[in-house]
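The values are calculated or read from the model by the stated rules, or taken from the named source; none is laboratory data. Small disclaimer: the values here were computed from a predicted structure and weren't measured. Neighbour counts are summed over all protein chains in view; Cβ atoms, including those assigned to glycine, are modelled from backbone coordinates with ideal geometry.
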Amino acid sequence: MNLYVNLWKSPGLMRVVFAQLLARFPYGMMVLALVMHVQHVFHSYAVAGIAMGAETILSAISGPLLGRWVGRYGIHKIFVPTSLISISIFFLIAFTPFAEWWVILLSGILGFAQPPTQSVARTVYPRIIKPELHSGIFALDATSQELIWIIGPVLATFAAAQISTEFAMVLMALIQAIGMLIFLGDKNVRSTVIEKTEKRIGHVMKNRQVLILIVLGSVLVASFAGMEIPTVALLDKSVSGIVVALFSIGSIIGGLTLGHRNHTKWAPSIFFALALAGYSVSLFNPTNPIWLSICWFVGGVAVAPLLGTINAMISVITHDADALEAYGWLATGQLLGYAAAAVSVGFLIDNVSAASGLLVAIGFGLVGLCVSLMSVETMPKLPSAH
């Protein structure tokens, strides 16, 4: 825990962590808030699904592009307009849903205009801490993200149910506005100058290490669909949310206890093996909520440490604009990976059985373990705090 104490004492670091977390918090509310609002207005889950799909696809496209543009034009010249656009669209979706096509269009623009807050934060972190603390800050960053996915859906549901779906949309806009003001006003963010690049988009993918890390991140997030969706299909709706939440709770505990123990090249393989173990044993009693809770907790323990390791390794092998683009491609791969896995899970549940959807989590976990084992020698070694 001395590592995290030292991180806490690093001047200005926790302010950046908190600001980027607050600025990104609405996207933990997004799925439920947007789906509930669109369904409430048009009485159609199909329209809600298309709107959410448009947001996801355009977000996947914009990640690498906005990362490059930040390097070319500067943080503020990209963040100010994208923040204003996304905040405005929250209000437009809330109060001007006069046609289905209009809300779907707005949702797509909302996805494209998401500021690359996390990518920039991960570029700022290494500049304000000592090298030996790098693995710790990326583990802490990955751990803190779980708060978004635990609290966000609960807050979205509460706001929509107790007040209105319009209020849930407005609340996301207000939270993002406050978070962005704090983030862009931070002196460490203001003073960060990112080296421009004239290379073509996608050049960073020629780096074999970056490509492997993007694949690892993609299959890890894809495995989440094989855990979450079958859980909802297998269990009563009243308990499925709690069971899935234990996955995130396990991730938080794993991030705090194991996240900084990633300075060997074997770290990705070890964490993938732990996740795969949790996924695999779920098949023994998939309809028992207590058993699934244990399985998902065990699998979740590996998530934050693994994501932290992937991000820390990208930080080590890239810098400035290349790092921003690499983080953008990482986010794109994760979004597309989850979407592809969700389609596979849905097909298996509809045509085989609810429990068969769990095979998707196991399959992607196995792919991640195999890729990480085959690429051990190509992975960078992270600085150790010990």
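Return the only residue of L330, L324, L348 being outside the structural domain of Q114 (by TED's automatic domain parsing), more than 23 Å from S59 (Cα to Cα) and assigned to a helix (DSSP H, G or I).
Among L330, L324, L348, only L348 is outside the structural domain of Q114 (by TED's automatic domain parsing), more than 23 Å from S59 (Cα to Cα) and assigned to a helix (DSSP H, G or I).
May I ask you to list the residues in segment 1-21 that are surrounded by fewer than 20 Cβ atoms within 10 Å (Cβ to Cβ) and not β-branched (V, I, T)?
Answer for segment 1-21, where residues must be surrounded by fewer than 20 Cβ atoms within 10 Å (Cβ to Cβ) and not β-branched (V, I, T): M1, N2, Y4, N6, W8, K9, S10, P11, G12, M14, R15, F18.
Identify, from the list A156, A168, the residue that is part of a helix (DSSP H, G or I), modelled with pLDDT under 90 and either closer than 28 Å to I242 by Cβ or among the β-branched types (V, I, T) (or both). Give the steps one after another, and end with the answer.
Values: A168 fails: modelled with pLDDT under 90.
After ruling out the rest, the residue left standing is A156.
Scanning for something outside the structural domain of R127 (by TED's automatic domain parsing), among the aromatic types (F, W, Y), within 22 Å of the chain's Cα centre (by Cα) and at pLDDT 90 or above, does segment 360-368 turn up at least one residue?
Pass one, segment 360-368, residues outside the structural domain of R127 (by TED's automatic domain parsing): 360-368.
Adding the requirement that they be among the aromatic types (F, W, Y) leaves 364.
This time we only want the ones that are within 22 Å of the chain's Cα centre (by Cα), so: 364.
From what's left, at pLDDT 90 or above: 364.
Within segment 360-368 (the criterion being outside the structural domain of R127 (by TED's automatic domain parsing), among the aromatic types (F, W, Y), within 22 Å of the chain's Cα centre (by Cα) and at pLDDT 90 or above), the answer is yes, since at least one residue qualifies.
Take the residues in segment 119-153 that are part of a helix (DSSP H, G or I) and farther than 30 Å from F297 by Cβ, then tell me which one is nearest to the chain's Cα centre (by Cα).
Filtering segment 119-153 down to residues part of a helix (DSSP H, G or I) leaves 119-128, 131-153.
Within this subset, residues satisfying the condition of being farther than 30 Å from F297 by Cβ are 120, 123-124, 126-128, 131-132.
On the way: V120: 14, T123: 16, V124: 18, P126: 20, R127: 22, I128: 23, P131: 24, E132: 25 Å.
Of everything passing the filter in segment 119-153, V120 is nearest to the chain's Cα centre (by Cα).
Residue by residue, here is whether (1) more than 30 Å from P268 (Cβ to Cβ); (2) surrounded by 15 or more Cβ atoms within 10 Å (Cβ to Cβ); (3) in contact with a Lys or Arg (Cβ under 6 Å, 6 or more places away or on another chain); (4) outside the structural domain of G308 (by TED's automatic domain parsing) holds:
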{"site": "P153", "(1), (2), (3), (4)": "no, yes, no, yes"}
{"site": "A156", "(1), (2), (3), (4)": "yes, yes, no, yes"}
{"site": "A168", "(1), (2), (3), (4)": "yes, yes, no, yes"}
{"site": "Q176", "(1), (2), (3), (4)": "yes, yes, no, yes"}
{"site": "L213", "(1), (2), (3), (4)": "no, yes, no, no"}
{"site": "A222", "(1), (2), (3), (4)": "no, yes, no, no"}
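When you look at L84, is it of a type in the set (A, V, I, L, M, F, W, C), surrounded by 20 or more Cβ atoms within 10 Å (Cβ to Cβ) and closer than 21 Å to A173 by Cβ, yes or no? Even if it seems obvious, please write down each step before you answer.
On the way: of a type in the set (A, V, I, L, M, F, W, C): yes; surrounded by 20 or more Cβ atoms within 10 Å (Cβ to Cβ): no; closer than 21 Å to A173 by Cβ: yes.
In short, no.
Mind telling me which of the residues T117, T123 ends up being touching a residue at least 12 places away in the same chain (Cβ under 8 Å), among the β-branched types (V, I, T), within 23 Å of A33 (Cα to Cα) and buried (at least 22 other Cβ atoms within 10 Å of the Cβ)? Give the steps one after another, and end with the answer.
On the way: T123 fails: within 23 Å of A33 (Cα to Cα).
Sole residue among the options that is touching a residue at least 12 places away in the same chain (Cβ under 8 Å), among the β-branched types (V, I, T), within 23 Å of A33 (Cα to Cα) and buried (at least 22 other Cβ atoms within 10 Å of the Cβ): T117.
Quick check on my filter: what residues within segment 204-252 are in a helix (DSSP H, G or I) and of a type in the set (S, T, N, Q)? Don't jump to the end; show me each part of the working.
The initial filter retains those residues of segment 204-252 that are in a helix (DSSP H, G or I), namely 204-206, 208-234, 237-252.
Across segment 204-252, the qualifying residues are Q209, S218, S223, T231, S238, S240, S248, S251.
Going through segment 72-104 one residue at a time, which ones are polar (S, T, N, Q) and within 17 Å of Y27 (Cα to Cα)? Please lay out each step first, then the result.
Looking only at segment 72-104, we keep the residues that are polar (S, T, N, Q), and these are 82-83, 86, 88, 96.
Selection gives T82, S83, S86, S88.
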